[in-house]
Amino acid sequence: GRQGTELLGFSLTTLAVLGLCLATTPQAVVILYSLLMLAVIWSANVGYIVSSEILPVLNRATGLGLSVGAGRIGAFFAPLLLSLLYQHTHEPSIALVALAILSLPGPLAAIVWCLKGTEACDRSLEEVAGETTLEPALVGE
């Protein structure tokens, strides 16, 4: 289901960053960076699907907006933080460890969701959100 897919995507993101810390050849860097990009895009796409399925209709736009806004704030500040770390230490591995730490909330949240969350696979949106459907009004009444 989606829970396992999201957990795998977030976990691969963190593992790829940790792998970059240990990479010693240009080929390893290219392979791990490619895996990192795949995992990041994978996680983001699954996140959009999941949030549109599990959030009630009345809160869906707000939930998606908060999620996108938090991602953009992180995308703004992470490069600044990582560049600052590198400038002070001149060690790329320290900046990559910091990036791995910044990526940890993803798999941790996915684990919590796997244990306590709602799986929406093979269920209607109304069933997942706990919303009832209203009968359509007849014309002319």
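The values are calculated or read from the model by the stated rules, or taken from the named source; none is laboratory data. Please read all numbers here as calculations on a predicted model, not as lab measurements. Reconstructed Cβ throughout: ideal geometry from the backbone, glycine too, with neighbour counts over all protein chains shown. The area values use the complete protein model at the heavy-atom level, side chains included, leaving out ligands, DNA and RNA. Shrake-Rupley method; radii C 1.70, N 1.55, O 1.52, S 1.80 Å.
Per the listing LEU102, LEU84, the residue uniquely hydrophobic (A, V, I, L, M, F, W, C), farther than 16 Å from THR14 by Cα and in a helix (DSSP H, G or I) is LEU84. Take the conditions in contact (Cβ under 8 Å) with a residue 24 or more places away in the chain and surrounded by fewer than 17 Cβ atoms within 10 Å (Cβ to Cβ) and apply them to VAL57. Does it pass? Taking the combined requirement at face value, the residue satisfies it. ILE73 fulfils the conditions (1) without any contact (Cβ under 8 Å) to a residue 12 or more places away in the chain; (2) closer than 23 Å to GLU127 by Cβ except for a single criterion, (2).
Tallying residues that are at pLDDT below 90 and either on the phi > 0 side of the Ramachandran plot or β-branched (Val, Ile, Thr) (or both) within the stretch 34-80 yields 7.
Of everything in the stretch 1-22 that is open to solvent by less than 30 Å² (accessible area, probe 1.4 Å) and of a type outside the set (Ser, Thr, Tyr), the residue that is farthest from LEU38 (Cα to Cα) is GLN3.
Going through the stretch 78-121 one residue at a time, which ones are open to solvent by 90 Å² or more (accessible area, probe 1.4 Å) and closer than 19 Å to TYR48 by Cβ? Hits for the stretch 78-121: nothing passes. Which condition does ALA70 not pass, out of (1) under 15 Å from GLY47 (Cα atoms); (2) open to solvent by 40 Å² or more (accessible area, probe 1.4 Å); (3) not in a helix (DSSP H, G or I), if it passes all the others? So ALA70 meets the others, but not (3).
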